[in-house]
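A.B. asks: Structure incoming, see below.
The values are calculated or read from the model by the stated rules, or taken from the named source; none is laboratory data. Values in this document were obtained by computation on a predicted structure and should not be read as measured data. Here the Cβ positions follow ideal geometry from the backbone for every residue, glycine too, while neighbour counts run over all protein chains shown. SASA here: full protein model, heavy atoms, side chains in, ligands and nucleic acids out. Shrake-Rupley method; radii C 1.70, N 1.55, O 1.52, S 1.80 Å.
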Amino acid sequence: MEIKSQIMTVAGQDWNVAVLGPEDATRTLLLCNGIGASLETIGPVAAHFKRTRLIAFDVPGVGASPTPWSPYRLSNLTRMLNAILDQLGVGMVDVFGVSWGGALAQQFAHDFQKRCHTLTLAATAAGLFMVPGNVNALRKMVTHKRYTDPDYMLNVATELYGGEVAFNQEMLKNHTRAMKAGDRRGYLYQLLAGLGWTSYLWLPRIKIPALVLMGKRDPIVPPVNGKILAGRLPNATMELVDCGHMFVLTQAEAVADRVEAFIHEEAMAES
């Protein structure tokens, strides 16, 4: 799927932003990607949304969004995202966060709940109050080498992500080709943004409908973390996907269908 994007500037920071899908869609999905992943990597799942407009972006320091001079907190990013939505003329959104982007999605839903219809979280956790995954997998997450060295990515992907990755090498190669990594400082800033962060204490304040999707065989974020999220969110449903950490890509059509059904079911309930 070809992704056309534009550079938008907020508070002196350039963001690479893409608006995808039908212009007359009744719902708009704000998609927050995983750590180090540029918006080009969302192509496989974005292609399966038929009734929904998608807004995706490169976090500062990733892809075509330049690295800021200093580190940031997730709340800094949510304020800038809110301003980007204003610039685009978008009102209410449904928020979808994957892995690291799940933390950003939780923060956005907390900071700007009145702007959110629903919250969907995939392969993510509540930050500091999480059950850690496989030590070897987490060690490999510290470096952004998998985003700059395709051969390294192919060698470590099975251990790192688990699930269907070992049997879907073509998907993995396409994903690797789509990646446009930022510099090491940009990746470090993403890691630092999550350092000490947790949503655990304020999740009960997020009253909007929530869908939590977790991979049964995720070595990075074990599915018990989904139970923690769903247990803290007042209006949440948790579902397991028979895959590992990358189920949003390995089962792209099924995930897109489920998320789209969820947000449009909620749209009917609101009307």
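A.B. asks: Based on this model, can you work out whether Val90 counts as among the β-branched types (Val, Ile, Thr), within 27 Å of Thr9 (Cα to Cα), modelled with pLDDT of 95 or more and more than 17 Å from the chain's Cα centre (by Cα)?
C.D. replies: Working: among the β-branched types (Val, Ile, Thr): yes; within 27 Å of Thr9 (Cα to Cα): yes; modelled with pLDDT of 95 or more: yes; more than 17 Å from the chain's Cα centre (by Cα): yes.
Yes; evaluated as a whole, the condition is true for this residue.
A.B. asks: Here is a further query. Surrounded by fewer than 21 Cβ atoms within 10 Å (Cβ to Cβ), touching a residue at least 24 places away in the same chain (Cβ under 8 Å), among the small types (Gly, Ala, Ser) and in contact with a Ser or Thr (Cβ under 9 Å, 6 or more places away or on another chain), is that true of Ala25?
C.D. replies: On the way: surrounded by fewer than 21 Cβ atoms within 10 Å (Cβ to Cβ): yes; touching a residue at least 24 places away in the same chain (Cβ under 8 Å): yes; among the small types (Gly, Ala, Ser): yes; in contact with a Ser or Thr (Cβ under 9 Å, 6 or more places away or on another chain): yes.
In short, yes.
A.B. asks: Of the conditions (1) open to solvent by 30 Å² or more (accessible area, probe 1.4 Å); (2) modelled with pLDDT of 95 or more, Val98 clears all except one; give me its number.
C.D. replies: It fails just one condition, (1).
A.B. asks: Here's a follow-up. Among the residues of the stretch 61-89, write down those that are under 12 Å from Phe112 (Cβ atoms) and either open to solvent by 20 Å² or more (accessible area, probe 1.4 Å) or assigned to a loop (DSSP other than H, G, I, E, B) (or both).
C.D. replies: Ser75, Arg79, Met80, Asn82, Ala83, Asp86
A.B. asks: Out of everything in the stretch 179-196 that is out of contact with any Pro (no Cβ under 6 Å at 6 or more places or on another chain) and crowded, with 18+ Cβ neighbours inside 10 Å, what residue ends up being modelled with the highest pLDDT?
C.D. replies: Ala193
A.B. asks: Right, next: Give the residues of the stretch 224-240 that are under 25 Å from Glu265 (Cα atoms) and either open to solvent by 20 Å² or more (accessible area, probe 1.4 Å) or in contact with a Cys (Cβ under 7 Å, 6 or more places away or on another chain) (or both), sorted by residue number.
C.D. replies: Lys227, Ile228, Ala230, Gly231, Arg232, Pro234, Asn235, Ala236, Thr237, Met238, Glu239, Leu240
A.B. asks: Further, regarding this structure: Of the conditions (1) surrounded by fewer than 19 Cβ atoms within 10 Å (Cβ to Cβ); (2) in contact with a strand residue (DSSP E or B) (Cβ under 9 Å, 6 or more places away or on another chain); (3) among the hydrophobic types (A, V, I, L, M, F, W, C), Leu138 fails just one. Which one is it?
C.D. replies: (2)
A.B. asks: Tell me which residues, restricted to the stretch 29-49, are open to solvent by 10 Å² or more (accessible area, probe 1.4 Å) and touching an Asp or Glu at 6+ places or on another chain (Cβ under 7 Å).
C.D. replies: Result: His48, Phe49.
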